[in-house]
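Presented below is the structure to which this report refers.
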Amino acid sequence: MSTNKPGFEIPDQMRDFAEKSVDQARKAFDDFMGATHKAVSNAEDSASAVQAGAVDVNKKALTYAEEHVDAAFKFAQELVKSQSVEDMMKIQQAYLRGQMEVFGEQAREFSNSTSKAVQDAAKAAQKK
C-alpha cells in the first residue's frame with residue numbers, strides 16, 4: 001500500500017512576496033543600524049566635548065583652590081608678624097577685601113568656562 005502524496009510546491013507569487021518581505025526587512029534593519037551608529041557617534045562627540053570642557057573646569061577649580069590656600073598662608077604669615085590688634089584688623093580687612101575680589105573674578109571665569117563647555121557639547125551634538 002504505497003500512497004503517493006503529491007509534493008507541496010510553493011507558488012512563484014508566494015516566493016516573490018517572501019523574497020520582497022525579506023529584502024524590505026533587511027533594508028529596515030540596515031536603516032535602523034545606520035541611525036543607531038549615527039546616534040552613538042553623536043553621543044561620543046558630545047561626550048568628548050563635555051569631557052574636554054570638564055577637564056578645563058576641573059583644572060580651573062584646582063588652580064583656584066591653590067590660589068586660595070596660598071593666599072591663606074600669606075595672610076597667616078602677615079598676621080603672625082602683626083604688632084597690635086589694630087594691625088591684625090587691618091591685615092584681616094585687606095585679606096577679606098582681596099579674597100572677595102578674587103572670588104568674584106573667579107566666579108565669572110568659572111561661569112564662562114562652564115558655559116563654553118556646554119556650548120561646545122551642544123555644537124558637537126548638532127554637527128551630525
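Here, each number is a calculation from the coordinates, and none is a lab measurement. From a predicted model like this one, the values you see are computed outputs, not experimental measurements. Here Cβ is always computed from backbone atoms with ideal geometry, including for glycine, and neighbour counts include all displayed protein chains.
Listing for the model above:
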| read-out | value |
| --- | --- |
| Lysine pair number, Cα distance threshold 19 Å (strictly under), the chain, separation 8 or more or different chains | 9 |
| Residue-span extension gain [Phe17 to Val69] - 0.36 nm each, minus C-alpha spacing | 11.1 nm |
| CD proxy at 222 nm, helix term only [per DSSP H run n ≥ 4: -39500 (n - 2.57); per residue of the chain; nearest 500] | -33500 deg cm²/dmol |
| Under Karplus coefficients 6.51, -1.76 and 1.60, residue-wise ³J(HN,Hα) of the stretch 79-89 in Hz, glycine/proline x | 5, 5, 7, 5, 9, 8, 5, 4, 4, 4, 5 |
| Entry for P(r) over Cα pairs in 10 Å bins from 0, in percent (calculated from the structure that is shown) out of (1) 10, 19, 14, 13, 11, 9, 7, 6, 5, 3, 2, 1, 0; (2) 12, 32, 28, 18, 9, 2, 0; (3) 11, 31, 20, 12, 10, 8, 5, 1, 0 | (1) |
| Counted charge near Arg97, where neighbours are those whose Cβ lies closer than 15 Å (Asp, Glu -1; Lys, Arg +1) | -1 |
| Around Glu19: net Lys/Arg minus Asp/Glu count, Cβ-Cβ under 12 Å | 0 |
